[in-house]
Amino acid sequence: MNPTERKSLDWTKYILALFITVAMFATAYYLSSRFNNARIADIRGAEDQLSLDLLSNETQYELLGEQGCEDITKNPGLSDVLNSLASRLSYAEDHLGATNSEVMALKKQYSLLEIKDYLLMQKIAAKCGSKTRPVFILYFYSNVGNCTDCAREGEVLTYLRQTYPLLRVYSFDYGLDLSAAKTLISVRKIGPEMPALVINNRPAVYGFQTVDSIIKFAPEIGKMSTTSATTTQ
């Protein structure tokens, strides 16, 4: 093979390698995009269903009034659905980015659903208080800066929520541009230090809190019925 033929063959190899590489990246991007779009559609569908369920619960509460506490507390809220939705939203946030427009829109809708559920459950707890009265935790975190304690706090709260079925944890991005969330932050007098917890309407506590410190701060949590937990903190 003469030098000219060898040079031509080398260029053919380079072009073929480049073509294969581009094709692989294009295929991976296409599949990733399809998968992410499917996740977004799944979250949006779950939020729409949750919105309908909340409206149904609110309507049931209004219809039954004080005489229907027993019926209302048979299905006292949508904690499991909210928790599942939070996990899926967290996945989308990790893979698409916290500032992704689709993720931000989903997070705003999710935060509104959390606030609506929180307000409804507060009404039910006040009017239909019982020995199984839930405990409420408002958890404020930040995606801005290096809030490593926010991720750790989220793990602690997940453990507590799995251990105590009646514990209701609502998480909010402190920097979310949503008027309802900002109003909640203002009403609860939440400062910029993150993470921050509001437990059963007590003043906010700031910084990382362990399982023990949270229960010490709110002993009513330790008195709640538990389920078996597979992990410890």
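Side notes on the structure shown:
- Debye equation applied to the C-alpha atoms of region 155-208, log10 I(q)/I(0) at 0.25, 0.29, 0.31, 0.32 Å⁻¹: -1.12, -1.27, -1.32, -1.34
- Computed FRET value (nearest 0.05) for residue 202 with residue 143, which takes r as the C-beta separation and R₀ as 30 Å: 0.75
- Calculated FRET efficiency for the pair residue 119/residue 87, C-beta based, R₀ 25 Å, to 0.05: 0.65
- Ranking of 220, 102, 114 by count of other Cβ atoms within 10 Å, fewest first: 220, 102, 114
- With contacts taken as Cα pairs under 8 Å and at least 6 residues apart, region 136-185 reaches a relative contact order of 51 percent.
- Whole-number D in µm²/s for region 115-214 (Stokes-Einstein; Kirkwood sum over Cα pairs; 25 °C, 0.890 mPa s): 174
- The separation of region 164-233 from region 105-158, counted between C-alpha centres, amounts to 7 Å.
- Which listed pairs, of 182/223; 127/182; 189/216; 127/189, have C-alpha distances above 29 Å, in listed order: 182/223
Every number here is computed from the coordinates shown, using simple stated rules; none is lab data. None of the values given here were measured: they were computed from a predicted structure. Virtual Cβ from ideal backbone geometry, glycine too; neighbours counted across all protein chains shown.
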